[in-house]
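First up is the structure itself, then whatever we jot down about it.
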Amino acid sequence: MPPTHVSRLLLLLACLVAASDAAGHDDAAARRTMEAFAGFPSTDDGESPFSVDSEGLQRQIDELASFSDSPAPSVTRVLYSDKDVQARRYIKGIMNQLGLSVREDAVGNIFGRWEGSESGLGAVATGSHVDAIPFSGKYDGVVGVLGALEAISMLKRSGFQPKKSLEVIMFTSEEPTRFGISCLGSRLMAGIEELAQSLIKVVDNQNVSFLEAASSAGYKMHPEDLHSVFLKKDDYSAFIELHIEQGPILEKEGIPIGIVTAIAAPASIKVEFEGNGGHAGAVLMPARNDAGLAAAELALAVEKHVLDSGSIDTVGTVGILQLHPGAINSIPSKSHIEIGRILFPSKQDVIFDRNMAIFQQTRNFLHTDVRDIDEKRRNDVIEKVRQSAAEISKKRGVVLSEFQIINQDPPAQSDKSVIDAMEFAVKQLNLEYKLMISRAYHDSLFMARISPMGMIFIPCYKGYSHKPEEYASPEDMANGVKVLALAMAKLSLE
């Protein structure tokens, strides 16, 4: 390393240690810390070589979006599809260009590590996902992967040398599109045994098993290999995820950075109804036991529970309802319903997310995801759904053969040490910020089980996400990348 870089690193270390030891420090000290980190003196016009390559970052986002099974501007990139494999190859290529040590685990979580001077210490990690639900946008998750790689590149350009290793993670299948399991990669990393067992048997809607799909994408494994994905709690000293807000608050209030203090927790439910199909003309209405109508009524019951919350911000959406055989003269004997995000923000902070409801033959299966940062509130809502399902079953003469809570994930609190590092960064950058709750789940929810965790939000256009209109401006992405870089640098040197 050139002597000037050594002296800058020593100055940075001294400043950061002083900043953490002191009860407080004035603006001049903060300015010196920023100068030390960047390796250059600040200028009155605000220009600095410590800058984000916004043009290059946007180009990478656009190039990644081209790996899609739907036409632009939408993006469809489903787990282990050909486009997913191409996207994985693209991310690994950038990691290699940056000189990172690249590895993959059994299910395809991808890791790019910059070894620190004390590599035996737990690494400081960041990352997100690049899989995309059908006909979505190109920023969800992607900003947290490509933006993280740009943060690493920026640190390298500044001459920074990490003490603790820095690592970028591209998580496998944050979206539940193919197998109905959200945050599949990070859940496994967190050591959830029940998931490892279920992945041995689970199939998609084409009856392709998880193990078969993984093998087709180049991840050939035996069932016991799933346990190799599990991580220990000392593998990482901190984890920070950069993400678009996926809501309108930051944009509406004109605030460039959100610092997440907690993530709402999901609970998944599967409901099964059994009824009769038959000829639409021959079977009279009083004789019908229609599983499809039971599902429709349960969806309306969900709407009622949402409206009864009394909050104008509470929303619920039924995005997909499919009937089989789909003939005008046949009572549905098979139905498929997916209920999208049901959100209780403000004081309630309750979130539902209903995914992958599959109804087969005369059976009706509804998979539901309920979330809250308050477990009691969340469980109260689950009980209301249970009561509605039982009432519908009795009234319609169908059998409620199953009401199964698949999982009840606890909410996650951001760690004070990570929040402090993020606040340190925004103050050095003189950016306004807002402490806020994440009402959508993220891989960070499960990383919190094995590492101190935090999240950085940036604004997105009108709060749009999971649709082609999803957009984050280059300026907002640059702010997020800078905050991420500074926070990771601070955590690396502690």
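Table for the structure above
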item: Test: residue in segment 197-208 that is open to solvent by 10 Å² or more (accessible area, probe 1.4 Å), within 17 Å of Met447 (Cβ to Cβ) and not in a strand (DSSP E or B); result: no
item: Subset of segment 235-279 (residues that are in a loop (DSSP other than H, G, I, E, B), crowded, with 19+ Cβ neighbours inside 10 Å and either outside the structural domain of Glu118 (by the TED database) or at pLDDT below 95 (or both)); result: Gly247, Ala264, Gly275, Gly277
item: Members of segment 124-160 found to be open to solvent by less than 10 Å² (accessible area, probe 1.4 Å), more than 30 Å from Ile200 (Cβ to Cβ) and assigned to a strand (DSSP E or B), listed by number; result: Val124, Thr126
item: Residues of segment 291-318 that turn out to be open to solvent by less than 60 Å² (accessible area, probe 1.4 Å) and either modelled with pLDDT under 70 or closer than 20 Å to Ser401 by Cα (or both), as a count; result: 14
item: Only one of Leu431, Leu400, Leu435 that is surrounded by fewer than 22 Cβ atoms within 10 Å (Cβ to Cβ), aliphatic (A, V, I, L, M), under 30 Å from Asp380 (Cα atoms) and in the same structural domain as Ser158 (by the TED database); result: Leu435
item: Tabulated pairs, segment 80-96, first in contact (Cβ under 8 Å) with a residue 12 or more places away in the chain and under 20 Å from Ser209 (Cβ atoms), second open to solvent by less than 50 Å² (accessible area, probe 1.4 Å) and part of a helix (DSSP H, G or I), C-beta under 9 angstrom, 6+ apart or interchain; result: Tyr80/Phe210; Tyr80/Ala213; Tyr80/Ala214; Tyr80/Ser215; Ser81/Ala213
item: Strands (runs of 3 or more DSSP E) wholly inside segment 66-123 containing at least 2 residues that are aliphatic (A, V, I, L, M) and over 29 Å from Met488 (Cα atoms); result: none
item: Exclusive hit being part of a helix (DSSP H, G or I) and under 23 Å from the mean Cα position of the chain (by Cα), set Glu224, Glu194; result: Glu194
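The rows are residues; the columns are (1) over 24 Å from Ile61 (Cα atoms); (2) assigned to a helix (DSSP H, G or I).
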{"residue": "Ser401", "(1), (2)": "yes, no"}
{"residue": "Met436", "(1), (2)": "yes, no"}
{"residue": "Ile456", "(1), (2)": "no, no"}
{"residue": "Lys462", "(1), (2)": "no, yes"}
{"residue": "Tyr471", "(1), (2)": "no, no"}
{"residue": "Ala487", "(1), (2)": "no, yes"}
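The values are calculated or read from the model by the stated rules, or taken from the named source; none is laboratory data. This one's a predicted model, so the numbers in the text were calculated from it and none came from an experiment. Every residue, glycine as well, gets a Cβ built from its backbone with ideal geometry; the counts of neighbours run over all protein chains shown. Protein only, heavy atoms only, side chains kept; ligands, DNA and RNA dropped before computing areas. Shrake-Rupley method; radii C 1.70, N 1.55, O 1.52, S 1.80 Å.
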